[in-house]
Amino acid sequence: MQPFTRLDAKLAPLPLANIDTDQIIPKQFLKTVEREGLAKGLFYDLRFDADGREKPDFVLNRPEYKGAGVLVAGDNFGCGSSREHAPWALMDFGIRCVISSSFADIFYSNCFQNGLLPVVLKPDQVQQLMAEAKGGNHLVTVDLEAQTIVAPSGETFRFEIDPTRKEKMLQGLDAIGETLQAAGAIDVYEMKQALAQPWLEGA
Amino acid sequence: MPPMPGKTLYDKIWDAHVVAEQDGETILYIDLHLIHEVTTPQAFAGLRANHRPVRRPDRTLAVADHNVPTEGQGRGVDAVADDEARLQLQTLERNVQDYGIEFFPMGDVRNGIVHVVGPEQGRTQPGMTIVCGDSHTSTHGAFGALAHGIGTSEVEHVLATQTLRQQKAKNLRVLIEGTPAPGVGAKDFALAVIAAIGTAGGAGYVIEYAGSAVRALSMEGRMTLCNLTIEAGARAGLVAPDATTFDYLQGRPAAPKGGAWEMALPYWRTFFSDPEAVFDREVRIDAAAIAPLVTWGTSPEDVIPVTGLVPDPADFASPDKRASAERALEYMGLRAGQPIAGAAVDVVFIGSCTNSRLEDLRTAAAIAQGRQVAPGVRAMVVPGSGLVKAQAEAEGLDEVFKAAGFDWREPGCSMCLGMNPDRLAPGERCASTSNRNFEGRQGRGGRTHLMSPAMAAAAALAGRIADVREFLR
């Protein structure tokens, strides 16, 4: 996993609630056996018209938001399917941080597997960031160590994050390698289960 | 010493699966891992890159469901027309072969939608932990199993370790009491729950469904209810196992037999919420007050009774919800204040992991029997598995549907997400028994109205969204 520490980037506003994973990456892009190359499908139906032409008014197509690294969106971002293609597509496009007032559980977990930082702020702070991002000055600073977002206006918002998840993201740790350090405990669990629930063996 | 607080059903399953605590996370043992073609290729690639084996191939079961065509399955995977879908299906076949994982290939009578197959085979059992790279894994909670969707990195983690690193969720109990009116069933219960708490309402919780109306549901009904838990924002839903559960399980291929059954039963019976257990939140719903429900917008929380009117975006509280509602009305081609009944449909889809089991097909067939699909409506029935299809055919349900003008298809996820050729064209309106009415979900520009199988059958006959109560006999 890519570590995330601190990011200075352009902020793009997407002021809609319930942006689901079908919108983030539509189904036709899920037929890949790769993790890479999904940027082309990111927000496909929002970014392109039926003939595959860019919609000039969509936020990520507008010149002032080109190269945005941070997205600020409405409530319940990432609801819907468990597809990890959603964080993969965002990362592949260059988005490293999404800010919202709430995230769907599975999407939120998936972000932490990939070094994409989901930041939860209060609804009024989200509204303020959207307003500032629309105003023409789009630079924000995201500091995971300090747990702060510095808005374009210079105002600083502090955010909460689980300390375990924070530490892993700062270091970019491999979860499987870490769990395999507890392989002995897994062996013991399996031996006990085989005795207590023998019907589960050889199913 | 204060008395020990009681445990919830979720607490009990969690406690029974703790392997270790490590760095603020719990390593939780996973009893059953279901896999399919779409969310696993990158996980197996990760295993290969790191030279890691699959720890418990015997606790892993593979199906091909998301992008299989719903006709001509007997011709095999190599005959699948879509190049990318074919490559994914072939990749799964190679992976299960390389790692010795049990697999029901496309065309095998046991194959079908992963959340139909697990229970049908008796692989899904009470007290288990079950995961799958699919958010509707919550379905298996109907058996009192802790079951939820995971991403591909976690699929790789489970393949390699048979565990997941987790943090415990909070407990939410949804009590549904009373007797529903005729024409109202589990799908309406589920939509009523989503309408009550919203699509983000369950975030951070595991939901336990309880109450007399839940106890009275069949296993199929409980699966429908638990299936839609993710649309209420919670990863997992649960129903405590009881005689209905055990009756369903007994005799299924992977269910314990003989002495093993006698051992399993008392263990399974320990999985219920203690009377003194404390829930972090509780929601009560009166089953008798639920009308047949239908969605009007592009979020599963956009629910109204079939007798209701499309709401006005101006009535929504927050600016982003207002913006979303305005966008939804435009996308759906509806006006604020318009009665939802009467909206003309082009397509009817009966299927998906939500509503493709035998009971769903029986309910829809009872409405369709001796009647005709309205002219110009394309209506399709996609059974959830080869075994559901075979049983439905043995009961003559296929003949009822075909005589009424429905297309009778082969099993798969099909038009629920349109990864295979079954899709809506732009602007087409669909009465669908599936689980998501998101923009573009069933095809770019497609307009989805979620409803029960009985309501979808009624819509097919009427050619418009219609109140199923007018079709009851």
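Nothing in this text is a laboratory measurement; each read-out follows from the coordinates by a stated rule. Since this is a predicted model, take the numbers as computed values, not measurements. Please note: Cβ atoms are built from the backbone with ideal geometry, for glycine as well, and neighbour counts cover all protein chains shown.
Summing +1 for each Lys or Arg and -1 for each Asp or Glu among the other residues whose beta-carbon sits under 11 angstrom from that of B:ALA462 gives 0. Of interest is the spacing of the C-alpha centroids, which for region B:382-411 and region B:182-200 amounts to 27 Å. Subtracting the Cα-Cα distance of B:ARG269 and B:GLN97 from their residue separation scaled by 0.36 nm leaves 58.2 nm.
What is the calculated FRET efficiency for B:ARG75 to A:LYS122, with r their C-beta to C-beta distance and R₀ = 35 Å, to the nearest 0.05? Calculated value: 0.05. Ordering B:VAL283, A:VAL70, B:ALA196 by the projection of their Cα atoms onto the charge dipole of the protein assembly as shown, which places +1 on the Cβ of Lys and Arg and -1 on the Cβ of Asp and Glu, puts B:ALA196 at the extreme positive end.
Lysines within cross-link reach of A:LYS31: Cα-Cα under 24 Å, excluding same-chain residues under 8 positions apart? Within reach: A:LYS40. Note on the protein assembly as shown: antiparallel DSSP beta bridges, both residues inside, total approximately 30 percent of the bridges counted. Annotation: extensible slack from A:GLU64 through A:GLN181 equals 37.4 nm (criterion: 0.36 nm per residue apart, minus Cα-Cα distance). Counted over chain A, the DSSP beta bridges are approximately 50% antiparallel.
Taking 16 Å as the cut-off, the amide N atoms of region B:170-192 that come nearer than this to a point 7 Å along the Cα-to-beta-carbon line of B:ARG215 belong to B:174-180.
Across the cross-link table entries A:LYS168/B:LYS7; A:LYS166/B:LYS168; A:LYS192/B:LYS7, which are compared at the Cα atoms, the separations over 27 Å belong to A:LYS168/B:LYS7.
Tell me, what is the FRET efficiency for B:ALA289 and B:ASP247 to the nearest 0.05, using R0 = 30 angstrom and their Cβ-Cβ distance as r? Rounded to the nearest 0.05, the efficiency is 0.50. The sum of -39500 (n - 2.57) across all DSSP H runs of n ≥ 4, divided by the residue count of the protein assembly as shown, sets its helix-only mean residue ellipticity at 222 nm to -9000 deg cm²/dmol.
Each eigenvalue of the Cα gyration tensor of the protein assembly as shown, multiplied by 5 and square-rooted, gives one semi-axis; in descending order these are 34, 32, 25 Å. Projecting label points 7 angstrom from Cα along Cα→Cβ for B:GLU282 and B:ARG110 puts them 4.3 nm apart.
Relative to the Cα centre, the charge distribution of chain B, modelled as +1 at Lys and Arg Cβ and -1 at Asp and Glu Cβ, gives a dipole magnitude of about 180 debye. Taken over region B:265-386, the ratio of Cα radius of gyration to 2.2 N^0.38 Å equals 1.45. Projection of the Cα convex hull of chain B, averaged over all directions and equal to a quarter of that hull's surface, yields 23.5 nm². Label-to-label distance for A:GLU201 and B:ASP407 is 5.0 nm, based on points extended 7 Å past Cα in the beta-carbon direction.
Taking 0.36 nm per residue of sequence separation and removing the Cα-Cα distance, the B:ALA196/B:ASP23 pair yields an extension gain of 58.6 nm. The distance linking region A:133-182 with region B:216-274 is 40 Å (Cα centroid to Cα centroid, whole angstrom). Between region B:1-79 and region B:334-352, the alpha-carbon centres lie 37 Å apart. Of the trypsin sites (Lys or Arg not before Pro) found in region B:301-352, the ones in coil according to DSSP and having at most 16 other Cβ atoms within 10 Å of their Cβ are B:ARG335. Identify, among A:PHE112, A:ALA151, A:PHE48, the residue whose Cα sits farthest towards the positive end of the charge dipole of chain A, taking +1 on the Cβ of Lys and Arg and -1 on the Cβ of Asp and Glu, with the dipole about the Cα centre. Of A:PHE112, A:ALA151, A:PHE48, it is A:PHE48. Spin-label model, A:LEU170/B:ARG335: points 7 Å from Cα along the beta carbon direction are separated by 5.9 nm. Sorting the Cα pairs of chain A by distance into bins of 10 Å, from 0 upward, gives 8, 32, 32, 15, 8, 4, 0 percent per bin.
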